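Novice: Got a structure for you, written out below as structure tokens; questions coming shortly.
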Amino acid sequence: MQPKPDRAAWLKGGNAQCNFGFEGGGQPQHRFVLLGAPGVGKGTQAELLSQRFNICPLSTGDIFRASKALAGGCECSPAMLRALDYMNAGALVPDETVLSLIVERAKCLRCGGGFLLDGFPRTLAQAEALEKLLEENGVKLDAVLSYELPLEQIVARLSGRRTCPQCKKVFHVDSRPPRQAGICDDCGVALFLRDDDRPEAIRVRMAAYEQSTTPLVNFYRAKGLLISIEAKGAPGEIFDQTLETIRTKAKP
Ligand code: AMP
């Protein structure tokens, strides 16, 4: 039986070990970067891709949220506490801080099971640093999947998003409602609206996204790695389109 992705090493960093223990094998393992403005449904696609290809979804936002959950019992470094201040304000965490977290987790990039980077890189400097790090570790990206959607549809999606504080599953009041309103299907606990999904924070995030991510889309396009996917329709439809696009366009 194939091992299941386990993100302990990614979320905790340091000497944390995961149980994935992937040694490779018959199946070609994928290495993707996912791009998309907040609210395009990138997280949902990451989850679906992760299940389909049995690869870890590596989200930098999840590292910050995991640290935030621990911040009361505070094992966080001063740099991480500063990073959480940026995150709570909806601003991007400085490249230097993000990159130090990634370097510390380079073994996840080398993992024989492949990876799905979600939320990193976010800036051109991060993309360049990632390229160098992958080269040093002897791995190559298959593709950069860029999910695209008009701004007004993004805002509608974000305003209804609700997250489970325990399993981190994301629901939507209209398009992906939980069985019981406001309650996680799996954990039975109350869902919440993330601080960075509140209106003021959304505006800051969208502006930061536009400013920082456009150059990085151009960077990957120039390298022939960028695959644009229209993020319109139900998550299942977008996923089918994603699979078809990977099949026809991604580098093997
Ligand atoms: P996300 O879940 O990817 O939307 O990330 C939530 C928040 O974490 C962002 O709004 C940023 O404050 C911070 N963050 C996550 N990834 C990065 C990154 N690669 N660079 C800078 N800030 C990040």
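The values are calculated or read from the model by the stated rules, or taken from the named source; none is laboratory data. Source: prediction; values computed, not measured. So basically every Cβ, Gly included, is an ideal-geometry build from the backbone, and we count neighbours across all protein chains shown. To get the accessible areas, we keep the full protein, side chains included, count just its heavy atoms, and leave off ligands, DNA and RNA. Shrake-Rupley method; radii C 1.70, N 1.55, O 1.52, S 1.80 Å.
Novice: Take the residues in the stretch 220-237 that are part of a loop (DSSP other than H, G, I, E, B), at pLDDT 90 or above and not charged (D, E, K, R), then tell me which one is farthest from the ligand (Cβ to nearest atom).
Specialist: Step by step, filter the stretch 220-237, then rank; the result is 224.
Novice: Taking the stretch 138-158 only, how many residues are touching a helix residue (DSSP H, G or I) at 6+ places or on another chain (Cβ under 9 Å), at pLDDT below 90 and surrounded by fewer than 16 Cβ atoms within 10 Å (Cβ to Cβ)?
Specialist: Within the stretch 138-158, residues that are touching a helix residue (DSSP H, G or I) at 6+ places or on another chain (Cβ under 9 Å), at pLDDT below 90 and surrounded by fewer than 16 Cβ atoms within 10 Å (Cβ to Cβ) number 2.
Novice: Moving to a separate point now. Mind counting the residues in the stretch 114-137 that are open to solvent by 40 Å² or more (accessible area, probe 1.4 Å) and in a helix (DSSP H, G or I)?
Specialist: Of the residues in the stretch 114-137, 7 are open to solvent by 40 Å² or more (accessible area, probe 1.4 Å) and in a helix (DSSP H, G or I).
Novice: Go through (1) under 28 Å from residue 153 (Cβ atoms); (2) of a type outside the set (Asp, Glu); (3) more than 11 Å from the ligand (Cβ to nearest atom); (4) at pLDDT below 80 one by one and return the number of the condition residue 72 breaks.
Specialist: (1)
Novice: Okay, moving on. Which of the numbered conditions does residue 191 fail, given that it passes all the others? Conditions: (1) open to solvent by 60 Å² or more (accessible area, probe 1.4 Å); (2) in contact with a strand residue (DSSP E or B) (Cβ under 6 Å, 6 or more places away or on another chain).
Specialist: If we test residue 191 against (1) open to solvent by 60 Å² or more (accessible area, probe 1.4 Å); (2) in contact with a strand residue (DSSP E or B) (Cβ under 6 Å, 6 or more places away or on another chain), just (1) comes out false.
Novice: Here's something else I'd like to know. Is at least one residue of the stretch 217-226 open to solvent by 20 Å² or more (accessible area, probe 1.4 Å) and among the aromatic types (Phe, Trp, Tyr)?
Specialist: Yes, that holds for at least one residue.
Novice: While we're here: Across the stretch 75-98, which residue is surrounded by the most Cβ atoms within 10 Å (Cβ to Cβ) among those that are assigned to a helix (DSSP H, G or I) and more than 9 Å from the ligand (Cβ to nearest atom)?
Specialist: 80
Novice: Taking the stretch 171-185 on its own, how many of its residues are farther than 15 Å from residue 157 by Cα and more than 21 Å from the chain's Cα centre (by Cα)? Step through it out loud before you land on a result.
Specialist: Quick first cut of the stretch 171-185, residues farther than 15 Å from residue 157 by Cα only: 178-185.
Now restrict to residues that are more than 21 Å from the chain's Cα centre (by Cα): 178-183, 185.
Looking only at that region, the number is 7.
Novice: Of the numbered conditions (1) touching a strand residue (DSSP E or B) at 6+ places or on another chain (Cβ under 8 Å); (2) at pLDDT below 90, residue 162 fails exactly one; give the number of that condition.
Specialist: (2)
Novice: For residue 217, are the conditions met, namely being modelled with pLDDT of 95 or more, of a type in the set (Val, Ile, Thr) and either within 15 Å of the ligand (Cβ to nearest atom) or part of a strand (DSSP E or B) (or both)?
Specialist: For residue 217, the condition - modelled with pLDDT of 95 or more, of a type in the set (Val, Ile, Thr) and either within 15 Å of the ligand (Cβ to nearest atom) or part of a strand (DSSP E or B) (or both) - is not met.
Novice: Could I ask something else about it? Quick one: residue 202 ticks every box in (1) assigned to a helix (DSSP H, G or I); (2) open to solvent by 40 Å² or more (accessible area, probe 1.4 Å) bar one, so which box is it?
Specialist: Result: residue 202 fails condition (2) only.
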